[in-house]
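Engineer: I'd like to ask some things about the structure below.
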Amino acid sequence: MFKRGLLLLIVVAAFITSDAQVKKKIGRGRRNKSQSQFELGAKDLEVEWETGYETINSQLSNAVYPNMVVHYGISNRLEVNTEMSIVTAIDKSVSPQQNTTGIEPVLVGANYQLIHDTGYIPSVIIATQLGIPFLATKNFYADHLAPVVQVNIQESIHDKFILGLNNGIMWDGFSPTPQFIYDVSTSYTLTKKWMLTTECFGFICDEPPQNNLDGSIAYVINDYVQFGFTGGLGISSAAHKNYFAVNGTWGLNTARKKHGSNK
């Protein structure tokens, strides 16, 4: 099953971006990603990774090592992607402590940019993913397919700020009842090398809502490599207690080598 998940991860995808330097970020709760500091288009490849630790409550926590997302650009508007997380669930409510390690259901998805940011009109992106139950190890099987559909709106301001609003619905694979999800974010470019991001996001369904507040800082090595740190906490009673992670982004244009060989 592990090999099957790795094979599916080879399916690639890339960020769709706008002429006004808006960076697209599709967030999905505590699998926070570092924001891309570079723009990708057709035949661009991007790999995002994150290793983190999430405290659900005093008895339960998750270690993620890593969460990985691979993107490939079909055009300057369309990407396909796949996401995989290797997780250890830690249960301190029993003695001795029980640790369960495995792969969560692999997700495959596609994003389409309906509108490019022009400076006056924001960028609008439709993002979809589908969690596949059988592409998981035994202890992390889901009962049903787990689709996610989101609308992402982003606007750049004076080349320093990026404002984002992300709304949608998702199914977790265990309950037939969908959850409403939201993400409001602001990014500020300190220098050419440093970017700060804050975001408030949550999940709302029949149970008490889970609302969270996160902050991150990213350091850009070059146009294709960056590293960052993320930390956050729950701001509602039902939310997970806290989260921290190290993350990064690596990318390239897969057409460059071919173009060079034609010279």
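Engineer: Treat each spin label as a single point 7 Å out from the Cα along the C-beta direction, and report the Trp194 to Phe227 distance in nm.
Structural biologist: The modelled label-to-label distance comes out at 1.6 nm.
Engineer: Additional query: With r defined as the distance between the Cβ atoms of Leu78 and Ile169 and R0 fixed at 22 Å, what FRET efficiency is calculated, to the nearest 0.05?
Structural biologist: Working: r = 22 Å, r/R0 = 0.99.
Efficiency for this residue pair is about 0.50.
Engineer: Could you tell me how far the Cα centroid of segment 208-222 sits from the Cα centroid of segment 138-202, in Å?
Structural biologist: 10
Engineer: Across segment 163-170, in residue order, what do the Karplus-derived ³J(HN,Hα) couplings come to in whole Hz, using 6.51 cos²θ - 1.76 cosθ + 1.60 with θ = phi - 60° and x for Gly and Pro?
Structural biologist: For segment 163-170, the Karplus curve yields 9, x, 9, 10, 10, x, 10, 8 Hz.
Engineer: Can you return the aspartates and glutamates within cross-link range of Lys193? Criterion is Cα-Cα under 17 Å, with same-chain partners fewer than 8 residues away left out.
Structural biologist: Result set, ordered by chain and number: Glu39, Asp159, Asp223.
Engineer: As a test of the definition: which semi-axes, in Å, follow for segment 101-150 when you take the square root of five times each eigenvalue of its alpha carbon gyration tensor? Largest first, please.
Structural biologist: 33, 9, 7
Engineer: Consider a paramagnetic label point 7 Å from the Cα of Asp143 along Cα→Cβ; state which residues of segment 204-219 have an amide N under 20 Å from it.
Structural biologist: Under 20 Å, as judged by backbone N against the label point of Asp143, lie 204-208 of segment 204-219.
Engineer: While we're on this one: Could you tell me the center-to-center distance, by alpha carbons, between segment 235-256 and segment 51-109 in angstrom?
Structural biologist: First find each Cα centre; the distance between them is then 11 Å.
Rule-based calculations on the coordinates, nothing more; no lab input. Model, not experiment: these values are computed from the prediction. Glycine also receives a Cβ, built like all others from the backbone with ideal geometry; neighbour counts cover every protein chain displayed.
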